[in-house]
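Below is one structure, written out as structure tokens, with a few remarks after it.
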Amino acid sequence: MGSWTMRDRPAAAFLALMISAAPLVGQSPNYGAGRPPTPQELREVGPAIAPDGSGLPEGSGTASAGRELFSANCARCHGEKGEGGVGPRLVGGQGSLSTARPVKTVGSFWPVATTVWDYIYRAMPFDQPGKLKPNEVYALVAYILDLNGIIGPNAVMDAKSLPKVKMPNRDGFVSDPRPHVGPKAASRK
Ligand code: HEC
């Protein structure tokens, strides 16, 4: 595993998460495999963006800027209006989750808007991950949220406003009841 290319970033992110999560588990056995990521590798992976927005960088964008970016970078796989193609549908499906034919999209299923930012920044475009700048990702998220009717076309998305967006399925997930996972684990004495 010499130097990681952009293409390897999602894999690198997963590896870094696994490694950094290990101390929380406490008595992890040592299998003698793998190695800690270097500081450079951790920088390339970038911070994980939390639901409360911590980790989000400076920058901002609106749906109108996002429309052009989406058309140029995303529409060939996701359709001009996010209706889907070789890539999954990103728009619609609200109210369908508890029906016989649930349509899972960013708009209907994803509980937190900051995760959309994190995912696009790390993983999209599918064939060129790592090419988008923070301003572009804010604009693309704004466009997808606007297409879903979640925010208005002129709403400015940035590190402050994005965490405040209430996704339709925000309360559709149950919390993990296990005591050893989640934020409480880190503060346990
Ligand atoms: C070459 C085709 C391609 C391009 C270009 C592309 N995507 Fe994707 N996208 C995919 C595929 C395939 C998936 C599903 C990946 C998976 O599930 O592992 C996906 C998944 C997604 C998802 C998650 C959908 C869900 O509900 O799971 C989002 C959000 C997304 N893409 C946004 C974008 C944005 C924004 C752009 C433009 C910057 C973009 N994509 C460009 C193919 C593409």
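Please treat every number below as a calculation from the coordinates, not as lab data. This structure is a prediction, so every number in the text was calculated from the model and none was measured. Quick reminder, even Gly has a Cβ in these numbers, built from the backbone with ideal geometry, and neighbours come from all protein chains shown.
Taking a Cβ cut-off of under 11 Å around Asp146, the surrounding Lys, Arg, Asp and Glu residues balance to a net charge of +2, with basic ones at +1 and acidic ones at -1. About its Cα centre, region 80-189 has a charge dipole of approximately 560 debye under the convention of +1 per Lys or Arg Cβ and -1 per Asp or Glu Cβ, with nothing else charged. The string of couplings for region 126-133 from the Karplus curve (6.51, -1.76, 1.60, θ = phi - 60°) is 3, 9, 9, x, x, 8, 7, 8 Hz, one whole number per residue in order, with x for Gly and Pro. The modelled label-to-label distance for the pair Glu68/Glu83, using points 7 Å beyond Cα in the direction of Cβ, is 2.4 nm.
Rounded, prolate or oblate: which fits region 60-164, taking a ≥ b ≥ c as square roots of the Cα gyration tensor eigenvalues, rounded meaning a/c under 1.5, else prolate when a/b beats b/c? In terms of gyration-tensor shape, oblate. Distance between the pseudo-spin-label points of Ser161 and Phe173 (7 Å out from Cα toward the beta carbon): 2.4 nm. Couplings 3J(HN,Hα) of region 105-121, computed from phi: 9, 4, x, 9, 10, 5, x, 9, 6, 5, 5, 5, 4, 4, 5, 5, 4 Hz, in residue order, whole Hz [Karplus 6.51 cos²θ - 1.76 cosθ + 1.60, θ = phi - 60°; x for Gly and Pro]. Put +1 on the Cβ of every Lys and Arg and -1 on every Asp and Glu Cβ in region 60-164; which of Met157, Ala72, Ser108 then has its Cα farthest towards the positive end of the dipole? Checking the options against the dipole of region 60-164, the answer is Ser108.
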